[in-house]
Amino acid sequence: GNLLLAASIEAIGAPRALLAAKLLACVCGYILFRTQSYRPLAIAAGLYIGVAIVPWIGILGNVVL
């Protein structure tokens with residue numbers, strides 16, 4: 001679904017591309033934290049939980065049951 005990530009995986013391989021994506025996300029979060037931009041950081045964290053974590057909990061919950 002993510003064209004930039006897919007292109008990165010093709011160019012440098014899955015492990016390096018995924019590590020780079022996660023490191024970029026961590027750096028962006030750190031910058032928001034250090035600049036005391038707590039509201040955008042809280043919104044980003046909420047979106048991440050809603051879009052990335054909750055669906056996987058539902059998927060894994062159905063597999064286990």
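If you go through segment 1-32 one residue at a time, how many are open to solvent by less than 100 Å² (accessible area, probe 1.4 Å) and outside any helix (DSSP H, G or I)?
2
Within segment 33-65, count every residue that is part of a helix (DSSP H, G or I), farther than 23 Å from L5 by Cα and open to solvent by 90 Å² or more (accessible area, probe 1.4 Å).
Residues meeting the conditions: 8.
The values are calculated or read from the model by the stated rules, or taken from the named source; none is laboratory data. On a predicted model such as this, the values are computed, not experimentally measured, just so you know. Side chains included, ligands, DNA and RNA excluded: accessible areas come from the protein's heavy atoms. Shrake-Rupley method; radii C 1.70, N 1.55, O 1.52, S 1.80 Å.
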